[in-house]
1. Taking only the alpha carbons of the chain, what extent do you get along each of the three principal axes, in Å, biggest first?
2. Counting only complete DSSP H runs, which helices of the chain cover 15 Å or more along their long axis at the Cα atoms and score a mean Kyte-Doolittle of 0.0 or above?
3. Just the accessible area per residue of the chain, please: how many Å² with a 1.4 Å probe?
4. Which order do 29, 9 take when ranked by solvent-accessible area (1.4 Å probe, heavy atoms of all protein chains), largest first?
5. Arranged from highest to lowest average of other beta-carbon atoms within 10 Å per residue, in what order do the peptides 34-41, 12-19, 142-149, 158-165 appear?
6. Tell me the carbon and sulfur percent of the accessible area for the chain, rounded to whole percent, probe radius 1.4 Å.
Amino acid sequence: MSHVFLVGFMGAGKSTVGKLVASDLGLPFVDLDERIEAAEGRPVAEIFAGEGEPYFRAVESRVLRDLAEEPDSVVACGGGVILDDANRAMLKRLGTVVYLEVTAGEALARVGGADTRPLLAGGGGAMAASLLRAREALYRAAADVTVDTVGRDARSVADRVMQSLRERPSA
């Protein structure tokens, strides 16, 4: 086994599904955003507001690199982790990448609107759709496995992730 990285747009279910998959596999669960918050001593939204996205992405890359030194785990990655070429390469090197696919509309419905997400501030649904379109090819390029989450509850998605992991040839 190696790390299992869950990537995808906000609201795809990375954290919720990740906890279920971690439990199913008997592995620890890691939320990359929570690790960033712990390292920085403040919430992600505050990091974005105070230092900006480039600073946040640099911290995100450092925290991701640190996982190489840790035991295998299931990792819920932030939605933008795939924006950096080095991050995508690191994800592939350290484990299996599972893309949890979601539509922009369903993502917004799940997260309760755009107000809680720094990159959507003031842009709402149009901003979410634009952001997802810009990232979708990167999610697909990084993914070893893609699981559609639309219209499915977390347990159903976790079961599909587990099935996909079992069907993957061993490295």
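1. Cα spread of the chain along its principal axes, largest to smallest: 44, 36, 25 Å.
2. On the way: long enough: 14-25 (16 Å, 0.32); 53-66 (20 Å, -0.78); 124-142 (26 Å, 0.32); 154-167 (20 Å, -0.56).
For the chain, where a helix must reach 15 Å along its axis and average at least 0.0, the hits are 14-25, 124-142.
3. Working: 7980 Å² over 171 residues.
Accessible surface, normalised per residue, equals 47 Å².
4. Details: 29 60, 9 0 Å².
Solvent-accessible surface, decreasing: 29, 9.
5. Working: 34-41: 15.0, 12-19: 23.5, 142-149: 19.6, 158-165: 17.9.
Listed from highest to lowest mean packing, they are 12-19, 142-149, 158-165, 34-41.
6. Values: 3980 of 7980 Å².
Looking at the chain in its full context, I get 50 percent from C and S.
The values are calculated or read from the model by the stated rules, or taken from the named source; none is laboratory data. Since the model is a prediction, treat every value here as computed from it, not as a measurement. So basically every Cβ, Gly included, is an ideal-geometry build from the backbone, and we count neighbours across all protein chains shown. The protein model used for the area step is the full one, side chains on, heavy atoms only, and it has no ligands, DNA or RNA in it. Shrake-Rupley method; radii C 1.70, N 1.55, O 1.52, S 1.80 Å.
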